[in-house]
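Read the structure below first, then the notes.
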Amino acid sequence: MSSQERLLTVVLRPVISEKATMVADKQKQVVFEVLRDATKTEVKAAVELLFKDQKVEVASVNIVNQKGKAKRHGRFEGRRNHVKKAYVCLKGDTDINFAEGAV
């Protein structure tokens, strides 16, 4: 797999939640769910590549590993999947418009 193909698979989906929208309004950050083995530099390059039509520049990336919750259904125990999230801080007045879409 070439590096270009790898970058296109690093970002899985944007996270739309109450906390994500609050962070987006206050701190100009966007939250993405990323691959479990993704690094900060890969996430930065992937976001800039996916949204190059909108001229997005990334200032910094913070990564959070969220452990899956243990859940029960009757006597059966299970666990939700672990998730890795990336908080991407954008430079200047740039903003990501998800309605326009990515590459």
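Restricting attention to the stretch 44-55, the residues that are under 15 Å from Lys91 (Cβ atoms) and open to solvent by less than 50 Å² (accessible area, probe 1.4 Å) add up to 4. Please enumerate the residues belonging to the stretch 1-40 that are surrounded by 15 or more Cβ atoms within 10 Å (Cβ to Cβ), in a helix (DSSP H, G or I) and of a type in the set (D, E, K, R). Residue satisfying the conditions is Lys40 alone.
Within the stretch 41-62, being free of Cβ contacts under 8 Å to residues at least 40 places away in the same chain and either in a helix (DSSP H, G or I) or not basic (Lys, Arg) (or both) holds for Thr41, Glu42, Ala45, Ala46, Glu48, Glu57, Val58, Ala59, Ser60, Val61, Asn62. Scoring Gly68 on the criteria (1) surrounded by 11 or more Cβ atoms within 10 Å (Cβ to Cβ); (2) not in a loop (DSSP other than H, G, I, E, B) leaves a single failure, condition (2). Kindly indicate whether Val58 is surrounded by 12 or more Cβ atoms within 10 Å (Cβ to Cβ) and among the β-branched types (Val, Ile, Thr). For Val58, the condition - surrounded by 12 or more Cβ atoms within 10 Å (Cβ to Cβ) and among the β-branched types (Val, Ile, Thr) - is met. Of all residues in the stretch 1-29, those that are over 10 Å from Ala46 (Cβ atoms) have Cβ atoms under 8 Å from Cβ atoms of residues that are of a type in the set (Phe, Trp, Tyr), 6 or more apart or on another chain, in Leu12/Phe32; Arg13/Phe32; Pro14/Phe32; Pro14/Phe98; Val15/Phe32; Val23/Tyr87; Gln29/Tyr87.
Scanning for something touching a strand residue (DSSP E or B) at 6+ places or on another chain (Cβ under 9 Å) and in contact (Cβ under 8 Å) with a residue 24 or more places away in the chain, does the stretch 72-83 turn up at least one residue?
Within the stretch 72-83, the first condition is being touching a strand residue (DSSP E or B) at 6+ places or on another chain (Cβ under 9 Å), and the residues that meet it are 72, 77-80, 82-83.
Among the residues that remain, those that are also in contact (Cβ under 8 Å) with a residue 24 or more places away in the chain are: 82-83.
Yes.
Scanning the stretch 71-103 for residues being touching a Leu at 6+ places or on another chain (Cβ under 7 Å) and surrounded by fewer than 13 Cβ atoms within 10 Å (Cβ to Cβ) gives a total of 1. Can you find even one residue in the stretch 76-91 that is at pLDDT 95 or above, among the basic types (Lys, Arg) and either within 20 Å of Val23 (Cβ to Cβ) or out of contact with any Lys or Arg (no Cβ under 8 Å at 6 or more places or on another chain) (or both)? Yes, the stretch 76-91 has at least one match.
Restricting to the stretch 12-66, name every residue that is aromatic (Phe, Trp, Tyr) and more than 17 Å from Phe98 (Cβ to Cβ). Show your work before the answer.
Of all residues in the stretch 12-66, those aromatic (Phe, Trp, Tyr) come to 32, 51.
Listed by number, the list is empty, since nothing qualifies.
The values are calculated or read from the model by the stated rules, or taken from the named source; none is laboratory data. Just so it is clear, the model here is predicted, and its values are computed rather than measured. Cβ coordinates were reconstructed from backbone atoms using ideal geometry, including for glycine residues, and neighbour counts include every protein chain displayed. The protein model used for the area step is the full one, side chains on, heavy atoms only, and it has no ligands, DNA or RNA in it. Shrake-Rupley method; radii C 1.70, N 1.55, O 1.52, S 1.80 Å.
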